[in-house]
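The values are calculated or read from the model by the stated rules, or taken from the named source; none is laboratory data. All figures in this text were calculated on a predicted structure; none of them were measured in a lab. For neighbour counting, all protein chains shown are included, and Cβ atoms are generated from backbone atoms with ideal geometry for every residue, glycine included.
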Amino acid sequence: MTSLKAGNVFLADCPARTAIEVIANKWSVVVLFALSEGPKRHGEVVALTGGISRKVLTETLRKLQANGLVSRQAYAEAPPRVEYALTPLGETLQEPIRMLTAWARENGEALVDCQEAQAADLV
């Protein structure tokens, strides 16, 4: 069994570190969550994520695609249509993302309170 000690899991050459770097991007988890209910077009993902620019979404989708988490399907139609969907590997992140989302809902206000208290201390 592989040790889960931070010193072992996050060594520079460890695949776990690469995986964390991919999903730790500000928008990666948001985009993966947006695709959790099925394929979406670029504009649909923009609308679901709230706040991501089209350029950043494109960059995020490309990175997720390059890492095997998202697939891109282009349809030969007029006008052209492209849809993005989770791959089987991307699907494996849905339960951890649901758990992280539940944690964020339960603790988000406490984080904001701490940030506000810290900002007040700096003034």
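Would it be correct to say that GLY108 is part of a loop (DSSP other than H, G, I, E, B) and at pLDDT 90 or above?
Numbers: part of a loop (DSSP other than H, G, I, E, B): no; at pLDDT 90 or above: yes.
Answer is no for this residue.
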Residue that is surrounded by the fewest Cβ atoms within 10 Å (Cβ to Cβ) [pool: residues in region 38-50 that are under 14 Å from the mean Cα position of the chain (by Cα) and free of Cβ contacts under 8 Å to residues at least 24 places away in the same chain]
GLY50
List pairs: first in region 97-123 and closer than 24 Å to ALA19 by Cβ, second among the small types (Gly, Ala, Ser), Cβ under 8 Å, 6+ apart or cross-chain?
ILE97/SER36
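Got a sec? Which of LEU111, LEU69 is surrounded by 10 or more Cβ atoms within 10 Å (Cβ to Cβ) and under 17 Å from the mean Cα position of the chain (by Cα)? Spell out the reasoning first.
On the way: LEU111 fails: under 17 Å from the mean Cα position of the chain (by Cα).
One residue alone meets the criteria, LEU69.
Table: residues versus (1) touching a strand residue (DSSP E or B) at 6+ places or on another chain (Cβ under 7 Å); (2) in contact (Cβ under 8 Å) with a residue 40 or more places away in the chain; (3) exposed (fewer than 14 other Cβ atoms within 10 Å of the Cβ).
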{"site": "ILE23", "(1), (2), (3)": "no, yes, no"}
{"site": "LEU35", "(1), (2), (3)": "yes, yes, no"}
{"site": "PRO80", "(1), (2), (3)": "yes, no, yes"}
{"site": "TYR84", "(1), (2), (3)": "yes, yes, no"}
{"site": "GLN94", "(1), (2), (3)": "no, yes, no"}
Checked region 37-94 for anything over 21 Å from GLU21 (Cβ atoms) and in a loop (DSSP other than H, G, I, E, B); matches are GLU37, GLY38, PRO39, GLY50, GLY51, SER53, ALA76, GLU77, ALA78, PRO79, PRO80
